[in-house]
Amino acid sequence: MKITKIRVDRLEPPPEGNKVYWDDELRGFGIRITAKGAKSYILNYRINGRERRYTIGQHGDLTPTQARADALSIKAEIRQGVDPLAERGRLKVEKTFAELCDEYQSTYMLRKKSAASDRQYISFLLPKLRNRKLSEIKRRDVEVIHQKKGSEAPYAANRMLALISRMFSLAVSWGWATDNPARGIQKFKETSRDRFVKTHELPRLLEAINAYPDPFVKAALWLCLLTGARKGEVLSARWDDFDFEMAQWRLPDSKGGRPHIIPLSGPAINLLDTIPEVDSNPYVFVGRRRGAHLKNIDKAWRAIRLKAGLSDVRIHDIRRTLGSYMALQGDSLPLIGKVLNHQNPTTTSIYARLEDDAPRAALEAVGESIMLAAGSRNDGGDSSQEV
C-alpha cells in the first residue's frame, strides 16, 4: 500500500506482537504497529552485507510525508557509507557540552588563575548548549553566541571565545570530539585601556574608600593602590606571604605563573599594621566564612566609585594608577613592568606616553629658566645676542 495519513490512521493493532506495512513506492519504507496500537515509521536497509532496521519516528510526531522525506535523506547517507544505526549508537554515548564543562572544571580549571571568570562564562554558555552533543555544536553556533555577547561586552566575548576554544581543544585531545568549532572565529577588536585615577580625582577616591564601613574592603583597596597588585592577589594574601623584616610581599603563585616579590613601602607596612589578625584564619582580608578570605568586593567598589563621582573607574584601574604615577615621576618602562609583574613588555607600553611627560616637564622648567635669563639680560643693558 502507499503509506498515507488516512491509511495509517485506519490501521488496526494486531492481536499480539507487531505488524509491518510496507510502502509501495519507496523501497524499505514502512509503518510498524504494535498490539498496543503504537505506530512507528521504519526503514529497512542493507549495509556491508547486513540487513538492518532503523526507526525513523512515531506517527503523530511525524506525518507520513515528513517520515518519507527523512527516509529519503537516510537512504542518501547510506549510499555514502554511513550506517544510521551505528551513528545513533555513537551519539548515545557521545559527550554533551555539559559533560565537557564538568570535566574541564573538575580537572583543568582548578589550575587556572582565571577560574572565577571561567565559571561566569560557563554559566552563560550552559543554558544555550547544555544538552548538545559535542559533534552537534558547529562553528555558526559559536559565532552567534560570540556576537551576542560581544554586542554588550566585546572584551568578555573574546575571553569567552578563547575559553570555548580551549575546552574543545582538550575535548579533541581526550577523544571526545574531532574538531574545534571555535577555531578561526574572528575576535572583536581590542584597544588597550589607559584609564587611571588622575591627580585631581585621587583625593575624592581616597575619601570615598576611607568612608566605606568594612575595614577589610577599605584596607584591600589601599593595598591595591600602594603595591599595584591585582585584586585577586590582594584578596587572597596570607600573613605568611609577608616578610616585614625584609619589607617584602612574596606572591608564591602570581598570574605570571612564578613567584613575584613586591617591595613594601613605609605606607604599605603601616597599613598592614592596622589590620587585625583573626585566629584560625591565615588570610589578611578575612571573608564571611570561617577560615576563608574576602572574595568579592565588586559591589563595594561600585558604591565607592559612585560616591567619588568616578563611575568609569574599574578596580583594575587602581593598579594602572600606580603604574601611571610611576611614569609621571620619570620611572622607566622596564621598572614599571617589573613592579607590576608584566610578562609581556607590550603590556607596559601604555605608560610610554605618560613617561614622556617627565622629560617634557623638565624641558618646560629649563625653558622657563632660559627665557628668564634672556629677559634679565635684555633689561640690563647690551641687547646683542650671539647665536
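The values are calculated or read from the model by the stated rules, or taken from the named source; none is laboratory data. In this text, all values refer to a predicted model and were calculated from it rather than measured experimentally. FYI the Cβ positions are ideal-geometry reconstructions off the backbone, even for glycines, and counts take in every protein chain you see. Remember, those area values only see protein heavy atoms, side chains included, never the ligands or the DNA or RNA. Shrake-Rupley method; radii C 1.70, N 1.55, O 1.52, S 1.80 Å.
Numbers for the structure displayed
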item	result
Selection of GluC sites (Glu not before Pro), segment 1-58, meeting DSSP coil and at most 12 other Cβ within 10 Å	GLU16, GLU25
Dimensionless Rg ratio for segment 127-201, taking C-alpha atoms and the 2.2 N^0.38 Å reference	1.42
In nm, spacing of pseudo-spin labels at ARG130 and TRP22 (7 Å Cα→C-beta vector)	4.5 nm
Rh (Kirkwood; distinct C-alpha pairs) - segment 1-131, Å	17.9 Å
Proximal lysines relative to LYS187, as straight alpha-carbon distance under 28 Å, when same-chain residues fewer than 8 apart are discounted	LYS95, LYS112, LYS113, LYS128, LYS133, LYS138, LYS148, LYS149, LYS231, LYS255
Semi-axis lengths (Å, descending) of the ellipsoid that matches the C-alpha gyration tensor of segment 103-230	38, 18, 13
Prolate/oblate/rounded label for segment 215-302 (Cα gyration tensor, a/c 1.5)	rounded
Given charges at beta-carbon only (K, R positive; D, E negative), |dipole| of segment 11-111 in Debye	260 debye
Cβ-placed point charges (K, R +1; D, E -1), dipole of segment 263-328 about Cα centre in debye, nearest 20	400 debye
Dipole in debye (nearest 20) - segment 69-197, about Cα centre, beta carbon charges: Lys, Arg +1; Asp, Glu -1	400 debye
Local electrostatic count, PHE168, Cβ distance below 9 Å [Lys/Arg +1, Asp/Glu -1]	+1
Rounded to whole Å, sorted largest first: equivalent-ellipsoid semi-axes of segment 156-237, Cα gyration tensor	41, 18, 9
Probe 1.4 Å, accessible area per residue of segment 127-281, Å²	55 Å²
Burial order of peptide ranges 159-170, 273-284 (average beta-carbon count within 10 Å, highest first)	159-170, 273-284
